[in-house]
Amino acid sequence: MSSKVTIIGAGSVGATIAYTLSGQDIASELVLIDINKEKVEGEVMDIEQGTCFRDPISIIAGDYADAKDSDIVIITSGMPRKPGQTRIELTQTNVNILKEITPEIVKAAPNALYIIVSNPVDIMTYVFTKISGLPENQIIGSGTILDSARLRCGLSEHFQVAQRNIHAYVFGEHGDTSFIPWSAARIAGVNVDDYYEMMPLLGKEVEPLDKEEMLTYVQKSGGQIIANKGATFYAVTRGVVRLCGFLLSASESITTVSSMMHGEYGIEDVCLSTLALVGPKGIQGKVPMKLTEEEIGKLKASADALKAVIAQIDL
Ligand SMILES: NC(=O)c1ccc[n+]([C@@H]2O[C@H](COP(=O)([O-])OP(=O)(O)OC[C@H]3O[C@@H](n4cnc5c(N)ncnc54)[C@H](O)[C@@H]3O)[C@@H](O)[C@H]2O)c1
């Protein structure tokens with residue numbers, strides 16, 4: 001595939017995305033941009049020197065002009081969350097960085113599809129939507145892709161069944177006000193409560209699912225990993241690389257990404273994650289999945305929490 005992907009920010013997340021893309025056939029050109037020139041040049045050397053056993057791929061440490069004609073731009077620049085720090089506390093610092101880089105990258109790559117990964121990702125997606133001047137379909141926040149992956153991982157372990165058989169999602173903020181619309185969670189087409197009832201017939205005995213505990217596992221995983229090893233980057237990379245594959249493939253896929261709301265579920269002027277159809281034209285629409293009244297209330301509460309943050313930041 002002859003696609004060009006630019007990654008802004010060559011830290012733990014950006015470099016791991018570049019390394020992972022260098023081992024796949026998604027992109028033929030990678031550009032890494034970072035204010036830390038030594039770091040980005042070192043990352044590029046290290047990644048490039050492992051590419052001799054694949055079809056040729058160009059990987060450079062570049063500047064904004066080198067992002068010209070990119071199909072995808074991935075924004076990972078910013079400061080990571082420190083142990084004990086909430087995503088929201090990072091907001092103004094990372095918004096300021098985004099305000100610096102947006103005019104430069106948009107000038108160089110006005111037609112690219114943009115994946116926003118920097119945290120707090122929903123706020124960053126909102127700010128980028130407001131200041132970039134790009135059509136909204138080109139702007140995709142990685143949102144709860146990671147949270148939904150964590151949920152599938154947790155449910156797979158609980159029910160002792162492969163993650164590929166689990167279709168379950170995390171909606172709302174990538175953060176403390178996210179929630180799981182259990183009404184839509186399925187294991188091979190069976191809702192999770194019914195699946196639990198069936199388990200003795202399958203010769204398996206598991207504890208009843210504690211849904212609150214599962215949400216806590218999803219929400220606290222990031223903090224736990226940061227406390228243990230300083231940063232999270234492998235799982236988010238898998239999600240972002242999969243998203244790149246969706247954006248460059250011939251047909252659309254459905255996933256949980258953050259994008260601007262326009263009255264869906266009674267919510268507007270905020271970015272958060274619901275199910276969206278994504279493909280070569282970016283966000284091609286939101287899937288109007290039926291939620292219960294309680295779930296709609298949780299989505300609105302998440303939107304309100306994000307709006308309260310937006311109200312406090314200097315755009
Ligand atoms: N959305 C998600 O699911 C998710 C998951 C993990 C991490 N993150 C977020 O991704 C971001 C990056 O995390 P990380 O662990 O890679 O951090 P990191 O500190 O390792 O890397 C950030 C990089 O951004 C660079 N940078 C800072 N200002 C810049 C600028 N103006 N222009 C270009 N580059 C600049 C830094 O030099 C650094 O190399 C953080 O905001 C983190 O919270 C998001």
Task: Over 22 Å [Cα-Cα, the stretch 106-216], rounded percent - done: 45 percent
- [ ] Compute the label zone of Q284 within the stretch 127-168: residues whose backbone N is under 17 Å from the point 7 Å along Cα-to-Cβ.
- [x] 136-140
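What does the charge count near L30 come to, summing +1 for each Lys or Arg and -1 for each Asp or Glu among other residues with Cβ under 11 Å from its Cβ?
So the environment of L30 carries a net charge of -3.
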Open item on the list: My understanding is that a pair violates if its Cα-Cα distance is over 22 Å; which of K211/K298; K39/K220; K37/K99 do that in this structure?
Closed with: K39/K220
Open item on the list: Below 8 Å, C-alpha to C-alpha, sequence gap of six or more: please give me the relative contact order for the stretch 1-144 in percent.
Closed with: 23 percent
Open item on the list: What distance in nm separates the two pseudo spin-label positions at F53 and D176, each 7 Å out from Cα along the beta-carbon direction?
Closed with: 4.6 nm
Task: Cα-projected label distance for N96 with E205, points at 7 Å along beta-carbon direction, nm - done: 5.9 nm
Task: Kyte-Doolittle mean at least -1.0, axial Cα span of 24 Å or more - DSSP H helices of the chain - done: 91-108, 211-229, 293-312
Open item on the list: Give the average over all directions of the projected area of the C-alpha convex hull of the stretch 59-125, one decimal, in nm².
Closed with: 4.9 nm²
TODO: Identify the residues of the stretch 252-267 with backbone N under 12 Å of a label point that sits 7 angstrom from the Cα of H167 along the Cα-to-Cβ direction, or state none.
DONE: 254-255
- [ ] Can you work out the PRE-style zone for A188? Point 7 Å along Cα to Cβ, and I want the residues of the stretch 164-178 with backbone N under 11 Å.
- [x] 165-166
Task: For the stretch 97-168, convex hull volume per residue from C-alpha positions, Å³ - done: 99 Å³
- [ ] List, largest first, the extents of the alpha carbons of the chain along their principal axes, each in whole Å.
- [x] 58, 48, 40
TODO: Round to a whole angstrom and tell me the spacing of the C-alpha centers of the stretch 182-198 and the stretch 107-123.
DONE: 35 Å
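How large is the convex hull of the Cα atoms of the stretch 147-188 per residue, expressed in Å³ as a whole number?
With only Cα atoms used, the stretch 147-188 gives 61 Å³ per residue.
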- [ ] Using a/c under 1.5 as the rounded threshold, could you call the stretch 215-315 rounded, prolate or oblate? The axes a ≥ b ≥ c are square roots of the C-alpha gyration tensor eigenvalues, and prolate needs a/b larger than b/c, oblate otherwise.
- [x] oblate
Task: Label-point separation in nm, D25 to D63, each point 7 Å along Cα→Cβ - done: 3.6 nm
- [ ] State, as an integer percentage, the relative contact order of the stretch 175-315 based on alpha-carbon contacts under 8 Å between residues 6 or more apart.
- [x] 21 percent
Open item on the list: How charged is the neighbourhood of D71? Take every other residue with its Cβ under 15 Å from the Cβ of D71, and add Lys/Arg as +1 and Asp/Glu as -1.
Closed with: -1
Open item on the list: Can you tally the net charge around S258? Count Lys and Arg as +1, Asp and Glu as -1, for every other residue whose Cβ sits under 12 Å from the Cβ of S258.
Closed with: -3
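Read-outs throughout are calculated quantities, based only on the coordinates presented, and are distinct from any laboratory measurement. Everything numeric in this text was worked out from a predicted model, so none of it was measured. We place every Cβ from the backbone using ideal geometry, glycine too, and count neighbours over all the protein chains shown.
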